[in-house]
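Let me begin by presenting the structure, written as C-alpha cells, before commenting on it.
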Amino acid sequence: MHSSTNGWIPRRTMAAIGILIATVFAGATGGCVWDPAPFREAKAITAPAPAVNAPLVVETRNGNVSIERATISELKVSGEVRAQTQERARDAQVTVSNRADGAVVVSVLWPEGEARNGEGATLNVQVPTAWGNAGATVRTNNGAIRLAKLGGPADIRTSNGAVEVSDHDGTVTARSSNGSITLDFVEGAIDAETSNGRITVTDAAGPVRTATSNGRVRVVLTGDNAGPVDVRTSNGSVAVLVGPAFAGDLSVSTSNGGITVDEALGANAKIVDKGRRSAKVRFGSEGSPAAASTVKTSNGSVEIGPAPRDTRGNAVGGGQGQ
C-alpha cells in the first residue's frame, strides 16, 4: 500500500492503546441528571426462575438498571426507591410478574398507581445461570443501563444515561439520547445510537452500525467477522480495526481531518480510490459479494487498521478514536 499527501497519513505500525471501558455507574459521559426525591427505601425480592426460557423486561421511571447472570437458582432483584415521602418510599413495591406473551417483567408499583416528580428506583437484577438466553428489554428515562453475560436479542433504551453491555450472546440494540455506549464481546449484530456521547465497540462478532451526533467512535471486530460496518459521527474521530475475514468495499470520508489506512493490513486491503477527505478501501477481491461498509465523520480524523488480539485469540483494543 502506498502513501500520498493531501490529508493522508499512512503508517506501517500503530501503537496499541489500552481499552477504555466506560464505567457507567461512576460518571461516564452523559451521566444521569435525575434529581432524586429525598426519601429512600431499600427493596429486595426473589422469584422462582421461569419454567421456560422467557424473555426479561425491566422497566423503571428513573434510576440505573443493572442485569447480570449469576450462579443462582432464582431471580433476585434488589435496589433502592426514591420517593417524595417516607410513606411512599415504604409502600412502593418492586414486582416480578408474567405477561401474557410469556415475558417476565420487573417493574415498580407506585402508591396511587403512578410516580411523582423526582421519584424513581435503581434496580439490580440477577438472573439464574440456566436462564437469560431469550433476550432482554430494558427501559429507563434517566439512568445508566448495564447488561452482562446474557443472551438473545437485547433492546436497551435510556433517555439520559450511559449504556454498557458485555459478554452478550445475541444481538444488541442500544439507544441513549445523552450518554456513552460501550459494547464488549457481543456475538450478534450491533445497532448503537446516541445523540451525545462516545461509542466504543470491542470484539464485535457480527455486523455493526453506530451513530452519534457528538462523540468519538471506536469499533474493533473479531478476526472472523466479515462485516459490514456503518460507523458515523457528526463530531469526533473514528477508529475501525478489522480482522483477516473482513471483506467488501469500505468507503471513508471526513469533512475536517486526516485519513489513515495502516499498511499493516497487508495485501488484503487495497486503496482503490482516494481524495483529500475521502477514500475507498477494498478488502478481498474485486466483485466480492460482501456488503459495502461506511465510515463517516463531519469533524475528526479516521483510522482504519488491523485489530490486535487478546489472550483468548479475539480482536480487541487499539486505535486513536478514543
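The values are calculated or read from the model by the stated rules, or taken from the named source; none is laboratory data. Keep in mind that what you see is a predicted model, and the values were worked out from it rather than measured. Please note: Cβ atoms are built from the backbone with ideal geometry, for glycine as well, and neighbour counts cover all protein chains shown.
Tell me which residues, restricted to segment 231-240, are in contact with an Asp or Glu (Cβ under 8 Å, 6 or more places away or on another chain) and either of a type in the set (A, V, I, L, M, F, W, C) or more than 12 Å from Arg218 (Cβ to Cβ) (or both). Lay out the reasoning, then the answer.
Keep residues of segment 231-240 that are in contact with an Asp or Glu (Cβ under 8 Å, 6 or more places away or on another chain), which gives 237-240.
Matches in segment 231-240: Val238, Ala239, Val240.
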| Of these, Ala121, Ala54, Ala130, Ala136, which one is surrounded by fewer than 19 Cβ atoms within 10 Å (Cβ to Cβ) and under 27 Å from the mean Cα position of the chain (by Cα)? | Ala130
| said: Please go through segment 32-57 and give me each residue that is closer than 25 Å to Gly170 by Cα, in contact (Cβ under 8 Å) with a residue 40 or more places away in the chain and not in a strand (DSSP E or B), ordered by number. | reply: Ala49, Pro50, Val52, Asn53, Ala54, Pro55
| note | Counted residues in segment 186-206 being surrounded by fewer than 20 Cβ atoms within 10 Å (Cβ to Cβ) and in contact with a His (Cβ under 9 Å, 6 or more places away or on another chain) come to 2
| message | I need the full set of residues from segment 208-253 which are out of contact with any strand residue (DSSP E or B) (no Cβ under 7 Å at 6 or more places or on another chain), farther than 16 Å from Ser180 by Cβ and not acidic (Asp, Glu), in order please. | response | Ala226, Pro244, Ala245
| Looking only at segment 227-272, which residues are assigned to a strand (DSSP E or B), surrounded by 23 or more Cβ atoms within 10 Å (Cβ to Cβ), out of contact with any Lys or Arg (no Cβ under 6 Å at 6 or more places or on another chain) and of a type in the set (A, V, I, L, M, F, W, C)? | Val229, Val231, Val238, Val240, Leu241, Val242, Leu250, Val252, Ile259, Val261
| Whichever residue in segment 164-182 is surrounded by 19 or more Cβ atoms within 10 Å (Cβ to Cβ) and farther than 14 Å from Leu147 by Cβ and, among such residues, is nearest to the chain's Cα centre (by Cα) | Ser180
| remark: Expected output for segment 92-118 (first residue within 11 Å of Val58 (Cα to Cα), partner of a type in the set (A, V, I, L, M, F, W, C) and in a loop (DSSP other than H, G, I, E, B), Cβ below 8 Å, 6+ apart or cross-chain) is Ala103/Ala54; Val104/Ala54; Val108/Ala92; Val108/Ala115
| Out of curiosity, is Thr210 among the hydroxyl-bearing types (Ser, Thr, Tyr) and surrounded by 18 or more Cβ atoms within 10 Å (Cβ to Cβ)? | yes
| query | Where in segment 140-194 are there strands (runs of 3 or more DSSP E), lying fully within it, with 2 or more residues that are without any contact (Cβ under 8 Å) to a residue 60 or more places away in the chain and closer than 17 Å to Ala70 by Cβ? | reply | 163-168
| request: Report yes if some residue within segment 69-81 is at pLDDT 95 or above, farther than 30 Å from Gly152 by Cβ and assigned to a strand (DSSP E or B); otherwise report no. | output: no
